[in-house]
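The values are calculated or read from the model by the stated rules, or taken from the named source; none is laboratory data. The shown structure was predicted, so the numbers you read here are calculated from the model rather than taken from an experiment. So basically every Cβ, Gly included, is an ideal-geometry build from the backbone, and we count neighbours across all protein chains shown. Only protein heavy atoms, including side chains, enter the accessible area calculation; ligands, DNA and RNA are left aside. Shrake-Rupley method; radii C 1.70, N 1.55, O 1.52, S 1.80 Å.
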Amino acid sequence: MSELQLKEIADNADMIIANYSFTVMENGDIKILYLSNPDQACVLNKDGDMIMSSMDDGRLALVQAYYLKNKDLIGND
């Protein structure tokens with residue numbers, strides 16, 4: 001992924017925490033991308049349950065916790 005593509009993702013993100021971009025998709029699911037390593041990504045449903053992931057279990061648990069703690073900031077509570 002190019003630097004320009006990463007910048008566009010970051011610019012359009014609804015929230016960025018610890019270099020993870022959180023973007024609310026049209027259906028309400030949350031797309032999360034680790035900006036430092038774009039191969040690490042996942043999709044969570046509105047409740048924070050994993051739908052799909054290329055993250056290891058530890059990283060997935062971390063982003064789930066970030067999301068659940070801050071989901072009200074992106075209007076997904």
Ignoring ligands, DNA and RNA, what percent of the accessible area of the chain is carbon or sulfur (1.4 Å)? 48 percent
Output the relative contact order of the range 25-64, whole-number percent, from Cα pairs under 8 angstrom with separation of 6+ residues. 30 percent
Can you give the helix-only mean residue ellipticity at 222 nm for the chain, where every DSSP H stretch with n ≥ 4 adds -39500 (n - 2.57) and the sum goes over all residues, rounded to the nearest 500 deg cm²/dmol? -9500 deg cm²/dmol
Dipole magnitude of the chain, debye to nearest 20 (Cβ charges: Lys/Arg +1, Asp/Glu -1, about Cα centre): 140 debye
accessible surface per residue for the chain, probe 1.4 Å, DNA/RNA/ligands not counted, whole Å² -> 61 Å²
(1) 3, 18, 31, 31, 14, 3, 0; (2) 3, 16, 26, 22, 13, 8, 7, 3, 1, 0; (3) 3, 17, 32, 26, 16, 5, 0, with the label sought being that of the calculated P(r) over Cα pairs in 5 Å bins from 0, in percent: (3)
If we count every other residue with Cβ under 13 angstrom of residue 33's Cβ, Lys/Arg +1 and Asp/Glu -1, where does the sum land? -1
Would you mind calculating the relative contact order of the chain from Cα pairs under 8 angstrom and at least 6 residues apart, reporting the percent as a whole number? 20 percent
Spelling it out for residue 17: with amide H atoms placed in the peptide plane at 1.01 Å from N, the residues 5 or more places away or on another chain with amide H under 5 Å from its amide H are 22
With r defined as the distance between the Cβ atoms of residue 16 and residue 65 and R0 fixed at 22 Å, what FRET efficiency is calculated, to the nearest 0.05? 0.90
Take each of the peptides 17-24, 2-9, 48-55, average the number of other beta-carbon atoms within 10 Å over its residues, and list them starting from the highest. 17-24, 48-55, 2-9
